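Written out below as structure tokens is the structure these notes cover.
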Amino acid sequence: MTALLTTDVQLAAELLRAGKLVAFATETVYGLGGNALDPAAVAKIFEAKQRPTFDPLIVHLAAASDLSRVAQDVPDVAYQLIERFWPGPLTLVLPKQPCVPDLVTSGLPSVAVRVPSHPMAQELIRRAGVPIAAPSANPFGRISPTTAQHVLDLLADDIDAVLDGGPSQVGVESTVLLCQPDNTVQLLRPGGLTLEEIEAVVGPVAGRAQTVLDQHVPQASPGLLAQHYAPRTPLRIVEHWEDAPVGDTVGVLSLGPLASASRYDAVEILSETGELTEATAHFFSALRRLDASGVELILAQRFPDVGLGRALNDRLQRASSR
Ligand code: TXA
Ligand code: MG
């Protein structure tokens with residue numbers, strides 16, 4: 001099988017209805033979609049990604065008004081967040097409806113739900129007529145795709161189609177929040193919606209649990225896996241660019257322009273003005289180019305730990321862990 005590359009939303013929706021796998025653009029990253037209510041389709045997602053089944057999937061809806069199809073006992077705090085931030089890069093973990101297969105939630109009593117803001121994604125889900133389970137469209141643990149071509153490079157032989165909606169605008173995955181019955185929320189994964197924006201609506205948010213290093217222990221949330229989003233080339237986080245070891249060919253992933261650029265074998269500048277929104281949009285593509293450039297080592301510096309910088313530092317940390 002070689003995946004069909006298309007911009008035909010109706011065709012893609014029909015494939016989903018027929019239990020096929022369709023990767024599609026969202027504003028965060030490309031997702032690998034299947035009918036969330038069809039355990040056979042969901043099983044194919046896990047197979048295509050070679051993803052362990054203890055790692056639950058996000059269910060995507062066309063509109064917030066569909067929420068009761070997959071979630072129940074939704075706490076007030078979730079409605080506050082939904083009103084302000086959906087559609088958009090925010091995933092809420094809520095008590096699940098019985099119709100959501102255990103495979104989607106890895107047997108957890110909760111389901112992760114979001115409404116993407118990309119118009120093509122909304123149209124696709126609306127026309128499919130079913131909730132769509134979609135992890136990022138990359139093999140487990142590798143760099144997330146932000147273009148249709150990235151998906152083809154990674155999964156062309158394992159899926160049925162890719163719906164091309166252009167490059168993802170945000171560039172990192174959604175922020176994942178656990179909403180508790182007592183109306184407190186906990187951050188499970190930093191992402192495309194900043195903690196600052198969330199706290200402006202719901203007040204202080206509890207941090208997430210410690211990173212779990214043992215990948216074989218069932219996870220409260222697989223966003224907690226230590227290694228993820230990883231290039232094949234070793235990646236090291238340095239304080240100063242000069243900390244590069246002598247002898248290796250080195251690629252550099254930099255937030256803004258750097259004076260010593262000529263010293264390195266490959267350089268990726270994420271934003272000429274050092275701006276975090278632009279840097280986030282370019283992050284995974286730049287990492288992918290460095291990985292393909294043939295360097296022996298990728299160097300990166302931590303981003304400012306504010307706003308989207310938190311999501312980038314999280315991805316960087318896990319890309320460097322092996
Ligand atoms: O932006 C995104 O969220 C993208 C696009 C395609 O929507 N999707 C995505 O899916 O990143 P994935 O499978 O790569 O990440 C799923 C995340 C994991 O970090 C996991 O922690 C969390 O969702 N998750 C899913 N179900 C959960 C549950 N029942 N309880 C806790 N966390 C859950
Ligand atoms: Mg992923």
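Numerical summary
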| read-out | value |
| --- | --- |
| Flag if VAL104 is in a helix (DSSP H, G or I) and within 10 Å of ligand 1 (Cβ to nearest atom) | yes |
| Enumerated strands (runs of 3 or more DSSP E) restricted to the range 1-74, each holding at least 1 residues that are more than 20 Å from PRO101 (Cβ to Cβ) | 4-6, 22-24 |
| Out of THR233, THR211, sole residue that is on the phi < 0 side of the Ramachandran plot, modelled with pLDDT of 90 or more and of a type in the set (Ser, Thr, Tyr) | THR233 |
| Residues satisfying the stated conditions in the range 36-55, i.e. more than 21 Å from LEU154 (Cα to Cα) and under 19 Å from the mean Cα position of the chain (by Cα) | ALA36, PHE54 |
| Filtered residues of the range 64-80 (kept if surrounded by fewer than 20 Cβ atoms within 10 Å (Cβ to Cβ) and within 21 Å of GLY191 (Cβ to Cβ)) | ALA64, VAL74, PRO75, TYR79, GLN80 |
| Hey, ALA121 over 19 Å from VAL170 (Cα atoms), out of contact with any helix residue (DSSP H, G or I) (no Cβ under 7 Å at 6 or more places or on another chain) and not in a loop (DSSP other than H, G, I, E, B) or not | no |
| Test: GLN97 is within 14 Å of ligand 1 (Cβ to nearest atom), under 25 Å from GLY191 (Cβ atoms) and either surrounded by fewer than 15 Cβ atoms within 10 Å (Cβ to Cβ) or small (Gly, Ala, Ser) (or both) | no |
| Residue list for the range 124-179, filter: part of a helix (DSSP H, G or I) and either charged (D, E, K, R) or over 22 Å from ALA281 (Cα atoms) (or both) | LEU124, ILE125, ARG126, ARG127, ALA128, ASP153 |
| Of all residues making up the range 26-45, the number that are surrounded by 18 or more Cβ atoms within 10 Å (Cβ to Cβ) and over 19 Å from ARG127 (Cβ atoms) | 5 |
| Residue count for the range 143-175, restricted to those that are within 11 Å of ligand 1 (Cβ to nearest atom) and charged (D, E, K, R) | 1 |
| Condition check for VAL113: farther than 22 Å from ILE159 by Cα, assigned to a loop (DSSP other than H, G, I, E, B) and either β-branched (Val, Ile, Thr) or within 16 Å of ligand 2 (Cβ to nearest atom) (or both) | no |
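The values are calculated or read from the model by the stated rules, or taken from the named source; none is laboratory data. All figures in this text were calculated on a predicted structure; none of them were measured in a lab. Cβ: placed from backbone, ideal geometry, glycine included. Neighbour counts: every protein chain shown.
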